[in-house]
Amino acid sequence: MSEAVPQRRPRVALVGLGGLGCPAALALAEAEVDLLLLDDDEVELTNLHRQVLYEESDVGRPKLEAARDALVRRGARAERLELRPTRFLPETSSEILTDVDLVLEGSDNFATKFLTADACHLAGVPVVHGAAIRWRATAWLVAPDGRPCYRCLFEDLPRGAQQNCDTAGVMGPVVGFAGAVMAELALRWLQGDTSAAGHVWTYDGSSDRLRQVMVAPRADCPLCGHQPSILDIRESRYLDPLAGSCSQSSGVEAGSVS
């Protein structure tokens, strides 16, 4: 009698280890999911109220190292955590997506959100988007073929400076709630539940209300519509001439905390 072949563990790429990525990483690691962690930032004192993996002693350390140590202290196996001190960029997106089953996007700017949405759709990889600002948080899962996709709802990058958590404020518990919902959507998909895709979950912390809304696919969507025009990844598509480079533009509502 032949021995059973060990089942491959799912592998998830986390784009950003901020207020959304920290609780999501903790939940996924405890579910024994292999993680590819992407971030190039350091822990700041003002982060600590919402970035639950870090402590005051971590201030000034790379988030990747602090997050790895925190996850290992909580029982994660270090060999299941791959660290990449970088952002999700046009020139590396294709390579990153070759060996992951899902992407969890918790970035802090619109450019990265649209880049992640486009790259995942073109590579056929599902993606969970998250956002939080003030008392409001959103999370939603986009299937590999879209229909709907991120561009069905937000269409394209806003131009010029946008508000972010530094200027508009954000409540730490709201961010943690969003990260938990993102992890839950990811785990549902990885377990074969495709019904979670296409619904935006919106949480209003000021009234403690959670709503689920179906997003309607757009026939003319440039990414997943009937005649798509986005067929590859071009860096120029994610640059805002009014705000600077793609790493400098900040998000609001669709943008998230880092």
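Using the Karplus relation 6.51 cos²θ - 1.76 cosθ + 1.60 with θ = phi - 60°, the per-residue 3J(HN,Hα) values for region 170-187 come to 7, 8, x, x, 5, 5, x, 4, 4, x, 5, 5, 4, 5, 5, 5, 4, 5 Hz, with x marking Gly and Pro. With a cut-off of 11 Å between beta carbons, the residues surrounding Arg80 carry a summed charge of 0, where Lys and Arg count +1 and Asp and Glu -1.
The stretch between Asp69 and Thr86 holds 4.3 nm of extra length on full extension. This uses 0.36 nm per residue minus the Cα-Cα distance. Each helix, a run of at least 4 DSSP H residues, gives -39500 (n - 2.57); summed and divided by the residues of the chain, these come to -7500 deg cm²/dmol at 222 nm. The local environment of Leu64, defined by Cβ-Cβ distances under 14 Å, has a net charge of -3 under the rule Lys, Arg +1 and Asp, Glu -1. Net charge of the neighbourhood of Gly124, taken over other residues with C-beta under 12 Å away and scored Lys/Arg +1, Asp/Glu -1, is -2.
Between rounded, prolate and oblate, where does the chain land on the alpha carbon gyration tensor, with a ≥ b ≥ c its root eigenvalues, rounded for a/c under 1.5, else prolate if a/b exceeds b/c? Because its axes are fairly even, with a/c under 1.5, the chain counts as rounded. From most to least packed by mean Cβ count within 10 Å, the peptides 137-148, 49-60 give 137-148, 49-60.
Taken together, the values in this text are just the output of simple stated rules run on the coordinates, not laboratory data. Worth saying up front: this structure is predicted, and the values here are computed from it rather than measured. Here Cβ is always computed from backbone atoms with ideal geometry, including for glycine, and neighbour counts include all displayed protein chains.
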